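The values are calculated or read from the model by the stated rules, or taken from the named source; none is laboratory data. None of the values given here were measured: they were computed from a predicted structure. As a convention, Cβ positions derive from the backbone with ideal geometry for all residues, glycine included, and neighbour counts pool all protein chains shown.
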Amino acid sequence: MASSNPSPASPSLAEIPEAGAHDTVAALYRDLLATLGVDLVNLVYRHLATVPDALAWAWASLAPHFRSGAIDAQAQALRAQVRQAIAGWAPTFEAIGGGPASAGALVLARAYNLNNSRNLLALQHLLQAGTRAAGALPPGAPGPDAAAQPSPTHALPPLPAWTDLRPADRATVTRLNRLGERAEPTIVASLYRHLALWPELLDAIEPALLRLDADGRMASALDHAVL
């Protein structure tokens, strides 16, 4: 199993963490955070930063579409489509053990839900950048989407390093990271690593997601989010 902070026996994809960013990369991170209104640089941008000029190219292509609201409008529609696909069967936060002690985890999950959908659309734009004009995303501004809005993103706790997690929590994160994957994943999703700050909640999440994976509902929901 690979991750951005893997065990010594695992291959890895390099990243430049926020604390280790300097000069041009640090400036790009600051602009990215300010534009997106978040305080955590997404994993994909931290990986892009390791490739010379890749993050600068990607952000120059994406930033205008984030600032115009085009990506947010498409991401909002995608979230609505996924919510419709899982309506009636997806377990609620409360049903899987989320309570007052883990209220911060709910804020965290909402922030990831918002930003992962935005980044999915952003990456699709980058993949097609070579075959269409950079300004080809449809215009539009996002409308109200209270169910998916993090509140507030600046309250998110720091992302723990892989090596700082307890061995049992690393094992749980590794198992969760495989769910819904059609092939062996090459990175560990930041969300699961972040949720390891609430080990009891992470333990409660696993059986709920295992059931959804076993009966095919997770795969069906993922098909609604594949572009």
Filtering the stretch 78-106 for residues that are modelled with pLDDT of 85 or more, out of contact with any Phe, Trp or Tyr (no Cβ under 9 Å at 6 or more places or on another chain) and surrounded by 16 or more Cβ atoms within 10 Å (Cβ to Cβ) leaves a count of 2
If you check Tyr45 against the conditions, is it modelled with pLDDT of 90 or more, more than 16 Å from Leu126 (Cβ to Cβ) and crowded, with 18+ Cβ neighbours inside 10 Å? no
Only one of these conditions is not met by Ala147: (1) at pLDDT below 90; (2) within 26 Å of Trp57 (Cα to Cα). Which number is it? (2)
For residues that are small (Gly, Ala, Ser) and surrounded by fewer than 16 Cβ atoms within 10 Å (Cβ to Cβ), tally how many sit in the stretch 181-225. 7
